[in-house]
Amino acid sequence: AQAGWPLRAVGVHNGSGYLPKDVNVAKAVLYTLMPAGSVIMVPDSFWNSEFWGAALFGAALRGARVLVIAPSYRSNSVDVFGTQLLTRELLARMLDARTRFAPALAAAGGLLQIGIYDSRIPTTDIPAKLTAVQETFAAEPWLRELFGFDPHVYEELDRLRAYIANVRTAPAGRDFERAPATKIHLKANLFASREAWTMMRLPSWGEMTWAFVSQRIVQVQDRPLAANAVDGVAEPTLDVGASEVQRWYASLAPAARERVVFYAVMGSQNQNARSMVMDAEDALVVAQWPSVIPYIDVVSLIGQSAWIADQEELDLLLPPMGPLRTWISHRARLAY
């Protein structure tokens with residue numbers, strides 16, 4: 001832990017079959033007990049558990065702002081039709097619930113947004129990813145309202161975009177991935193209370209993004225070296241923004257500081273039924289995380305996602321499947 005900022009972490013596990021399911025408990029507690037005004041962001045490759053979908057929708061009805069990110073068929077890390085079909089059905093139900101309960105969501109100040117990650121940007125093209133973030137934030141007013149970035153941040157992003165526009169990053173190659181464009185395999189849950197989310201108003205987010213992007217460009221340039229030295233010890237990641245976050249935290253009134261809640265849950269469990277009830281899974285739960293790197297990572301995913309307004313838009317990226325595949329997927333749903 002850094003001075004003035006307690007850092008706590010615990011490993012939790014799901015045993016296979018009927019063994020204890022501590023990962024389920026940890027996620028269920030956070031989904032159901034985060035207070036109104038909190039922000040919950042969950043990017044994942046598999047979405048078919050009605051339990052997790054209902055828990056997140058319930059959080060939105062209580063006033064949380066919930067962002068769900070799932071891959072399109074072509075951006076899914078696993079090309080399995082059952083997983084994809086059941087994901088489509090769950091997201092369709094969540095869209096329908098959002099429409100039906102729109103007055104209740106508005107009254108509670110809640111938000112449920114569903115993003116479909118469908119990026120064709122090469123893995124190593126950092127300038128294009130920055131451009132995608134800018135374009136998505138420009139196209140989605142709710143994103144600008146949710147994050148509440150200072151105008152200076154957008155000015156810095158414009159400067160950064162111009163500065164790196166001509167950077168030639170290493171080609172994607174095939175030493176890490178079979179496909180040049182990224183596919184979602186991330187299983188992450190990020191939580192921030194209303195008071196914690198005020199961190200997004202820091203004018204220094206622009207400078208922090210400069211530092212992060214500079215580091216990422218160096219990392220992808222060194223990718224061939226990393227691929228040929230997998231047994232080596234990795235260099236520690238630059239802790240972008242730690243001092244800025246410390247100053248922000250110290251500036252809060254004591255009463256507000258007590259309500260600052262950050263959690264991150266990362267591990268092997270997907271948002272699917274099989275991960276919840278059958279498979280052995282592991283997760284690391286981190287509280288009061290002082291690093292801003294996870295948030296910049298998620299903003300990159302947000303920028304490369306299409307944010308779905310209705311069923312018609314969902315069908316464009318997750319088209320319906322035929323009756324035979326639907327029948328098989330429903331009968332074997334726990335296998336997906």
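For the reader, a short list of remarks on this structure follows.
- Surrounding net charge for GLY110, when Lys and Arg each add one and Asp and Glu each subtract one, Cβ distance under 10 Å: +3
- Amide proton proximity set for ILE69, modelled H, under 5 Å, gap of 5+: VAL42, ASP44, GLY115
- Check: the chain dipole with +1 on Lys, Arg Cβ and -1 on Asp, Glu Cβ, in debye: 560
- The 3J(HN,Hα) values that the Karplus relation (6.51, -1.76, 1.60; θ = phi - 60°) gives for segment 213-221 are, in residue order, 5, 4, 5, 5, 4, 4, 4, 6, 5 Hz. Gly and Pro appear as x.
- Virtual spin-label span in nm between TRP327 and ASP79, 7 Å along Cα→Cβ: 2.6
- Antiparallel content of DSSP bridges confined to the chain, in %, to 5: 65
- Rounded to the nearest Hz, the phi-derived 3J(HN,Hα) couplings of segment 86-92 under the Karplus curve 6.51 cos²θ - 1.76 cosθ + 1.60 (θ = phi - 60°) are 5, 4, 4, 5, 5, 5, 5, where x marks glycine and proline.
- Relative packing of 37-43, 55-61, which averages over residues the other C-beta atoms within 10 Å, highest first: 37-43, 55-61
- Candidate lysines for bridging to LYS129, where Cα separation is under 21 Å - those fewer than 8 sequence places away on the same chain excluded: LYS183, LYS187
- Reciprocal of mean inverse Cα separation for segment 18-166 (Kirkwood radius, Å): 17.3
- Whole-Hz ³J(HN,Hα) from phi, Karplus 6.51 cos²θ - 1.76 cosθ + 1.60, for segment 330-336, glycine and proline x: 5, 6, 10, 4, 6, 7, 9
- Rg(Cα) / (2.2 N^0.38 Å) computed for segment 290-336, rounded to two decimals: 1.76
- All C-alpha to C-alpha distances of the chain, sorted into 10 Å bins beginning at zero, yield P(r) values of 5, 23, 34, 28, 9, 1 percent in whole numbers.
- Based on Cα contacts under 8 Å between residues 6+ apart, the chain shows a relative contact order of 31 percent.
- Amide hydrogen neighbours beyond the local backbone of ASP282, cut-off 5 Å, H modeled: ASN14, SER268, GLN269
Computed from the coordinates by the stated procedures, all read-outs in this text should not be read as laboratory data. Treat the numbers as computed from the prediction; the structure is a model and nothing was measured. All Cβ positions, glycine included, derive from the backbone under ideal geometry; neighbour counts span all protein chains shown.
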